[in-house]
Structures are given as C-alpha cells and as structure tokens.
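First up is the structure itself, then whatever we jot down about it.
Values in this text are rule-based calculations from the coordinates and carry no lab data. The structure presented is a predicted model; accordingly, all values stated were derived computationally and were not measured. Here the Cβ is made from the backbone with ideal geometry for all residues, glycine too, and neighbour counts use every protein chain on show.
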Amino acid sequence: MKGLRAKKVNVIKEGTLIVAIDIGMASNHGCCVAADGRSTKTFRFDNTRQGLDTLWNMVLASKNRFQCNDVIIGYESTGPYGEPLIHYLKQKPVTIVQVNPLHTKRMREIIDNSPLKTDRKDPRVIADVIRIGHALSVVVPEGDAAYLRRLNNARERHVRERTALLNQLQQFVFLIFPEFSRIIKTIFCKTALHILKKYTTPAKVCSVNIEKLGEEMKRRSMGKFGVEHAAALIIFCKDHHRYSRGVGRFSYGYTARPRPTGDGR
C-alpha cells in the first residue's frame, strides 16, 4: 500500500477546464467551469454508462467552447456511488481529484451564507474549491490493493455490527437478570453466552439441576467455574421480585405490538 497516498493539487492554471460533479446514487449533477470563471449551466446525468457518455460529451463540448487544453474532473469525497464514475474516467485523458466535504461546507457558507445542500449549487461550490487548489488527487487501488481494501471495509463493517449486537444483548440481560454479572463478570465469554442461549430466562435457570449446570459451566470455562457458581446463580434467580420487574420492562419495550385492526383500534 506504500505510495498510494493522495496528494494536494496546485492552484488551477489558465487553459484548464474544471468539471465539478455532485455524485448521487441514481443520478449526478455536474458543471463545467473555466479558470477565468466562465461556466456552463448545471446539468444532470444518470449513473449509468449512457449517462457517463453524456457527461463526456459535455466535457468535450465545454473544452472546445472555452478553448481549454487540460481537463480536471473533481467530486466531493463519497462512498461507493462514485466508483463507476472513477473507473470510467480513468480511461479518459483527464486528471481526477476529490475535495473534502468540510471544505465544500465552508465554501457554501461563504458564497450564500447558507450551509444547505442543493443539487444545483453543489457542483459550482466544488468547482470553486478546486479552483483555489484545495483538492486531493484520487488514488484508485488495483489488483491486490483493491482486494485488501474490500476485505478491510467488510471486516470493519462486521465488527461494528457485532459490537452493536453485543451491546444490545448486554442491555437485555440487565433488564431480565441484573444479578447475572455478579457471577460471571462479562457476558461475552463462552460460558455466559452458552447459559444465555440455553436458559433464556431466570425461571429456566431455576428449573435446572445444580450439578448439571455446574458441570456445563465447568466444561465451557475450562474449570474456571463450577458447582458453587451454579448454585449462586440459581439462588439469585429465585429473587422473584427483581425477576418479574425485569421481564416486565423487557416485554414492554421490546416485544412486538399487535397491528391495528381495520377500524383503527
């Protein structure tokens, strides 16, 4: 991955055409601006091969109209929606740059004293940011680098999802059985997850034999927990006051509610 860092682009020189694009999921908006300030109207094109061809025809027409020699195409840093555009433009004789969303927000406030985004205004704001030199070169990894980036993004996404599910599980355990953590400090270990999966309520824990539960805990924890921990867990489960209050909160907050009938009740 060495050598794939983005570099800052210098101030735009005369004879350069700036094509600023506001990328969306289904369609994009663009604007062609010359270094001296002359520009086209904001135009719309779809995020398809036909739409990208329409963009390129507009670039060629604006290049001849403004008598420019070089073309710089810039966009605001976005997610995967911009990848079809980038791969299409890689095959064209242009320089591709990207701008920081924070810079476009500041420039938007300077132009009309409003941070609001509009499809018609954003391409011109992006073009102004590029014209003063606040843009970065685009790095498009290929081969193994692209494959590693995909894997890394997928891993980060799954880690966030796993963390969210574990936090949700911890909240449910506290609602139903707040004493559970006094026996097993963390619910994320194999022993705790096994008990929570097999015995989903304190009532089910109370119904199991102490020796049986102790043997399960000992086997799952590799000897760290045993019969004495199982006995303490069952004793805590017999606190009916805390148990009924926890289940009540859990049922009220997280169970599915019946759908309304046809008469609205």
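Annotations
- Relative contact order [Cα under 8 Å, 6+ residues apart], the range 162-251, whole percent: 35 percent
- Packing-based ranking, highest mean first, of 56-67, 137-148 given that Cβ atoms within 10 Å are counted: 56-67, 137-148
- Restricting the range 198-241 to trypsin sites (Lys or Arg not before Pro) in coil, as DSSP defines it, with at most 10 other Cβ within 10 Å: none
- Residue-span extension gain [ARG155 to LEU60] - 0.36 nm each, minus C-alpha spacing: 30.1 nm
- Least to most buried among CYS68, CYS32 (fewest other Cβ within 10 Å first): CYS68, CYS32
- Loop-located GluC sites (Glu not before Pro) in the range 150-214 whose Cβ has at most 16 other Cβ within 10 Å (DSSP): none
- Calculated over the range 16-144: convex hull of Cα atoms, volume per residue (Å³): 106 Å³
- Only Cα sites of the range 162-251 enter the Debye sum here, all with the same form factor; the resulting log10 I(q)/I(0) across q = 0.11, 0.12, 0.16, 0.26 1/Å is -0.28, -0.33, -0.59, -1.45, listed in q order.
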